[in-house]
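Asks: I am attaching a structure below and will ask some questions about it afterwards.
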Amino acid sequence: MDFFKRPVFRNVRVIFIVWAGLAVIAGLSKYMQGNGAYGNYLTYTNISVQLAHQSPIYVSEHVLYGPAFGVLMLPFAFLPDWLGITLWLGVLATLLFWAVGKLPLAAGLKAAVYWICLHEMMTAAFNMQFNIGIAAIIVLAFVFVEREKDIWAALVIVLGMLTKIYGIAGLAFFLFSKHKRRFALACAGWTVVWLALPLLFVSPEYLSGQYVDWIHQLIAKNAANNTHAGASIMQNISFIGMLQRIFHLEASSTLPILAGGIALFLLPLIRIRQYASQTFRMLFMASVLLFVVLFSTGSESSTYIIAFVGVAVWFALQPRPYRVWPVFLLVLALALSSLSPTDLFPRHIRETWIIPYALKALPCALVWLTLTVQLWRMENGEWRVENGLAPQETFSILHSPFSIDLILPCYNPPRDWPETVSLYFGRLQTLLAGVDLRLIIANDGSERHVGREEQERLLRYIPGARITGYEKNRGKGYALRHAVRQSDAPCIIYTDYDFPFEPESIKSVANALLNHADVVVGNRGNSYYEQLPGKRKIISKVSRYFNKYLLHIPACDTQGGLKGFNRKGREIFLQTKIEEFLFDTEFIFKACLRKDIRLQVVPIQTREGVIFSNMGTKTLWKEMKNFLRILFRCV
C-alpha cells in the first residue's frame, strides 16, 4: 500500500491525464474496430442528422434520448468519426472530472473518488455512453445548489432531464436550495428554452410529434425491460432486475419494490433540521446517484459510472479510522460491480451467476441501504456512535460541554481551503463528542483566496467560525498571538489549515488538556522523517539536537505544528515575541522555565499525503538568528 501513498497518485494533473487519456484511447480503439463497434455514437449523431432533415428520430428502439439531445450532438455530428468520437469522450470525461473537482472534499479525497471511479468511467467510454455526462450533471446540480447558483443548477437539471430522463433526479436538491422560488422559476424557464431550442432548425409540428414519439419510446422500453421475454440479459441490471431474476418475479410484482425504494429514498428528507449539515447533504447526493441506477429498469453495466460516483463519495465521507463494514462494501463494489464484467473475474462465475442474476447491483444496493441508515441516524452532521458506523472511541470523560478553540493560521491558501477545513473540522467534531469545538482562522495578511467569497463558503460549511486578520503579512507567530488574544475559550489548540496531522492526534492533544495539562506538545515519531525532503530532514534533526542539548527542552520536537494550552499556557504564549516559525520553540522554552507548568508530550501522526516543502536559505538564516535570541534570552 505504501506504493499508492506516493504524491503522484494524488496529483490532480496526473489523474486528469489518466482520465482523459483513457477516454480518448477507448474512443480511438473502438473507431479502429469499425462502425459496428461504435454504434452508440452513431445513434447519437444520427439524432442530429434526423433533426436537421426533419426525419423521424425514433425509428429504432435503441433511440432513447430527447430531441434536445440532437442539438447537443450537432457540433460532433458533422465531424469525421474518429475526431468526433475522440472529442465526444474527451468532453464527457473532462466534464465529470471537473464536476467531482468542485465537490467540497479535500484534495486527497477527491483523488480517491477519481481512482475509485476510473474503471467504471472506462467502461462507459468503451460503450460510448452518455452516462458519464449524466453523472456529471447530477453532481454539478448539487454543487451549484451548494454555491447558491440556482439558475445554473436548474440549467443542468433540465438539460439532463430532456436528454436522458435520469437527469430529473437533480430536482431532489431543490429542498437544499436557499432560493427555492428562484430555483423553481429557473427550472420552468430553462424547460421552455430547451424544449423549444430545436425550433431553430425544425417546424413546431415536427418537433411536437417527436416529443410524443419519445415518450412512447420510453414507455415501451420500460415495459420491455420489465418482462423476461422482452428484456436483454444485459438490460435492467438494477436492484429491481436482480430481485426479479433471482425470484422470477413478474413486472407487476416489482411495483412494491419500487414503491418501497422510493419511500426509503425520501425518508431521510423528513429530517429537515439535518439540511444544515453539509455531510448530510453530500450523503444524500450520493444516495441520488445510487438510486437512479438501482431502481431504473434501463440500467446497463455502463450505467454504473453514475452509481460509482455515489459509492466513492459515500466512502470518502466515512469517519476515520475506517470500520470494517465500509471497507468491505468498497472492496465488494470494486470486485463485483466494477470488475465482474471483465476478464479479471472468473468467466464461469461471471456467466453462471453475475450476469444472469444481475449481481452487479448487489454491492451498490448494500452501500445504498447502509447510506440510508446513516442519513437517518446522523445528528447535526455527526455519526452516532451507537449505530456501529462511527469510530468506537469517543470522549467519555466529559458529562458537560467544554469549549476548545481550534486556531488555524493561513497565508495565501489554495482556493479550496474552506472545503478542506470543513471536512477535517467535521471529523474532529465527531471524535470530540461532548466538546464545544469552535474554529478561528488566523489570516496572516493573505493577498489571495481569503476574500469575501471564501469567508462566506466557510461560514456556510461551519456556522459560527471566526476569521481574524490584518492587511500586512507579519508571520505565523504574530498571526497566532493575534488570534489567541481574541479567544475566550479555556483551552486552545493550534495547527495548520491543511490539517497535516491525523484528527486522532488532535484528539490526543485535547484529551491531555482535558486531563489538566497546562501545555501539550505534539511529538512526531521517526516515521515523520521518511516523508521529508533531504534538506528539511537535516534541518529538523539539527533543530531537535539543539533544543535538547543547548536549550535543555525535554520536548525537543518544538516545531511539530500541533500544540495546545489552557489559560496558564495562554499567558506564556502571549509573552512570546518571535513573529516567524521559531515562536514555537520560544513558547516551549518559556514554558519549561516555569516550574508550576504541567507540560505533557503526546505522540502525533502525520496525515497521509501531506507534502512538506523545503525551507529557503533566507528563512533559514532568519530562524538561526531567532534561535540565538532564544538561547541568550534576548526575547
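The values are calculated or read from the model by the stated rules, or taken from the named source; none is laboratory data. Remember, predicted model here, so these are calculated numbers, not experimental data. Every residue, glycine among them, receives a Cβ derived from its backbone with ideal geometry; neighbour counts consider all protein chains shown. Side chains are part of the model used for accessible areas, which takes the heavy atoms of the whole protein and leaves out ligands, DNA and RNA. Shrake-Rupley method; radii C 1.70, N 1.55, O 1.52, S 1.80 Å.
Asks: Evaluate the stretch 304-312: report whether one residue or more is in contact (Cβ under 8 Å) with a residue 60 or more places away in the chain and either surrounded by fewer than 21 Cβ atoms within 10 Å (Cβ to Cβ) or over 20 Å from the mean Cα position of the chain (by Cα) (or both).
Replies: Within the stretch 304-312 (the criterion being in contact (Cβ under 8 Å) with a residue 60 or more places away in the chain and either surrounded by fewer than 21 Cβ atoms within 10 Å (Cβ to Cβ) or over 20 Å from the mean Cα position of the chain (by Cα) (or both)), the answer is no, since none of the residues qualifies.
Asks: Now for a different question. Restricting the search to the stretch 439-456, which residues are open to solvent by 20 Å² or more (accessible area, probe 1.4 Å) and closer than 22 Å to Arg607 by Cβ?
Replies: His449
Asks: For residues that are within 20 Å of the chain's Cα centre (by Cα), more than 20 Å from Ala196 (Cβ to Cβ) and among the aliphatic types (A, V, I, L, M), tally how many sit in the stretch 150-182.
Replies: Summing the residues that are within 20 Å of the chain's Cα centre (by Cα), more than 20 Å from Ala196 (Cβ to Cβ) and among the aliphatic types (A, V, I, L, M) in the stretch 150-182 gives 3.
Asks: Of everything in the stretch 51-73, what is farther than 15 Å from Gln129 by Cα and open to solvent by 40 Å² or more (accessible area, probe 1.4 Å)? Give them in sequence order.
Replies: Ala52, His53, Gln54, Pro56, Val59, Ser60, Glu61
Asks: I need a count of the residues in the stretch 183-225 that are under 33 Å from the mean Cα position of the chain (by Cα) and either of a type in the set (Asp, Glu) or surrounded by 18 or more Cβ atoms within 10 Å (Cβ to Cβ) (or both).
Replies: Number of matching residues: 5.
Asks: Then there is this: When you scan the stretch 315-343, how many residues do you find that are over 21 Å from Ala358 (Cβ atoms) and crowded, with 18+ Cβ neighbours inside 10 Å?
Replies: The qualifying residues number 6.
Asks: For Ile611, are the conditions met, namely being modelled with pLDDT under 75 and either in contact with a strand residue (DSSP E or B) (Cβ under 7 Å, 6 or more places away or on another chain) or among the aliphatic types (A, V, I, L, M) (or both)?
Replies: The answer is yes for Ile611.
Asks: Now for a different question. Mind counting the residues in the stretch 275-294 that are of a type in the set (Val, Ile, Thr) and open to solvent by 10 Å² or more (accessible area, probe 1.4 Å)?
Replies: Qualifying residue count, the stretch 275-294: 2.
Asks: Let me ask something else about it. Could you tell me whether Tyr31 is out of contact with any Leu (no Cβ under 9 Å at 6 or more places or on another chain), among the hydroxyl-bearing types (Ser, Thr, Tyr), in contact (Cβ under 8 Å) with a residue 12 or more places away in the chain and part of a helix (DSSP H, G or I)?
Replies: So Tyr31 passes the test.
Asks: Determine, yes or no, whether Phe97 is touching a helix residue (DSSP H, G or I) at 6+ places or on another chain (Cβ under 6 Å) and under 30 Å from Phe499 (Cβ atoms).
Replies: So Phe97 fits the description; yes.
Asks: Ok, one more. Residue under question is Phe97, and the condition is that it be open to solvent by 30 Å² or more (accessible area, probe 1.4 Å) and either at pLDDT below 90 or within 19 Å of Ala286 (Cα to Cα) (or both); does it hold?
Replies: When the stated conditions are applied, Phe97 does not pass them.
Asks: Using beta carbons and a limit of 8 Å, which pairs, at least six apart or on different chains, have the first residue in the stretch 343-365 and within 18 Å of Gln235 (Cβ to Cβ) and the second one part of a loop (DSSP other than H, G, I, E, B) and of a type in the set (Gly, Ala, Ser)?
Replies: Final answer for the pair search is Arg350/Ser340; Ile354/Ser340; Ala358/Ser238; Leu359/Ser340; Lys360/Ser340; Ala361/Ser238; Ala361/Ser299.
Asks: Quick check on Thr86: is it under 29 Å from Pro204 (Cα atoms) and in contact with a helix residue (DSSP H, G or I) (Cβ under 8 Å, 6 or more places away or on another chain)?
Replies: Criteria not met by Thr86.
Asks: Right, here's the next one. In the stretch 58-80, what residues are modelled with pLDDT under 90 and over 34 Å from the mean Cα position of the chain (by Cα)?
Replies: Across the stretch 58-80, the qualifying residues are Tyr58, Val59, Ser60, Glu61, His62, Ala77, Phe78.
Asks: What's the number of the only condition in (1) of a type in the set (A, V, I, L, M); (2) in a strand (DSSP E or B); (3) open to solvent by less than 10 Å² (accessible area, probe 1.4 Å) that Ile467 fails to meet?
Replies: Just one mismatch for Ile467, condition (3).
Asks: Next question, about the same structure. Residues that are among the small types (Gly, Ala, Ser) and at pLDDT 90 or above: list the helices (runs of 4 or more DSSP H) wholly contained in the stretch 485-598 that include at least 2 such residues.
Replies: So the answer is 503-514.
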